[in-house]
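**Q** One structure coming up, written as structure tokens, with questions to follow.
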Amino acid sequence: MKAPMTLVTIVTEGLLKEKIIALLRRNGATGFTITRSEGEGSRGVRARDFEGPNLKFECIVSKEAGVAILDEVGETYFANYSMIAWLTDVLVARDTKFVDDQG
């Protein structure tokens, strides 16, 4: 089965790893992918050897859950951490893999 859903992408400092995982789970993510990332943005190049790597989090959720995640990330972290986050509309196969059966 195919269904429209939302891909949430968050790129941030590695020290937020456990907090972002908890935020994703709290907002309905049934799974996620984390990859190390490098780059440069408005805050310049980070000294990754000292601060650790940037991480990119990706998860597929409902549109409502994606908006809730983006809102919470913005309210909680944007002011004090190097972070960018966005939502992308996606069409997924096996949409039941992205639904929390536990409630």
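**Q** Among the residues of segment 77-86, count how many are in contact with a Lys or Arg (Cβ under 6 Å, 6 or more places away or on another chain) and modelled with pLDDT of 95 or more.
**A** Within segment 77-86, residues that are in contact with a Lys or Arg (Cβ under 6 Å, 6 or more places away or on another chain) and modelled with pLDDT of 95 or more number 0.
**Q** Residue by residue through segment 71-97, note down the ones that are over 18 Å from ASN54 (Cβ atoms), in a helix (DSSP H, G or I) and touching a residue at least 40 places away in the same chain (Cβ under 8 Å).
**A** GLU72, ASP95, THR96, LYS97
**Q** Follow-up. Assuming ASP100 fulfils every condition listed in (1) part of a helix (DSSP H, G or I); (2) over 14 Å from the mean Cα position of the chain (by Cα) apart from one, which condition is it?
**A** The single condition ASP100 does not satisfy is (1).
**Q** Also, quick follow-up: Looking only at segment 90-103, which residues are surrounded by 11 or more Cβ atoms within 10 Å (Cβ to Cβ) and either touching a strand residue (DSSP E or B) at 6+ places or on another chain (Cβ under 7 Å) or more than 28 Å from LYS2 (Cα to Cα) (or both)?
**A** VAL90, VAL92, ASP95, PHE98 - these are the residues of segment 90-103 that are surrounded by 11 or more Cβ atoms within 10 Å (Cβ to Cβ) and either touching a strand residue (DSSP E or B) at 6+ places or on another chain (Cβ under 7 Å) or more than 28 Å from LYS2 (Cα to Cα) (or both).
Let's see how each residue does on (1) at pLDDT 95 or above; (2) loosely packed, with under 12 Cβ neighbours inside 10 Å:
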{"position": "ASN27", "(1), (2)": "yes, no"}
{"position": "THR35", "(1), (2)": "yes, yes"}
{"position": "GLY41", "(1), (2)": "no, no"}
{"position": "VAL45", "(1), (2)": "no, yes"}
{"position": "GLU51", "(1), (2)": "no, no"}
{"position": "GLU72", "(1), (2)": "yes, no"}
{"position": "GLU75", "(1), (2)": "yes, yes"}
{"position": "THR88", "(1), (2)": "yes, no"}
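**Q** Further question on the same structure: Go through segment 1-29 residue by residue and tally those that are charged (D, E, K, R), more than 19 Å from GLY52 (Cα to Cα) and part of a helix (DSSP H, G or I).
**A** Count: 2.
**Q** For VAL67, work out the one condition from (1) in a helix (DSSP H, G or I); (2) within 22 Å of THR35 (Cβ to Cβ) it doesn't fulfil.
**A** It fails just one condition, (2).
The values are calculated or read from the model by the stated rules, or taken from the named source; none is laboratory data. In this text, all values refer to a predicted model and were calculated from it rather than measured experimentally. In this analysis, Cβ positions are derived from the backbone assuming ideal geometry, glycine residues included, and neighbour counts consider all displayed protein chains.
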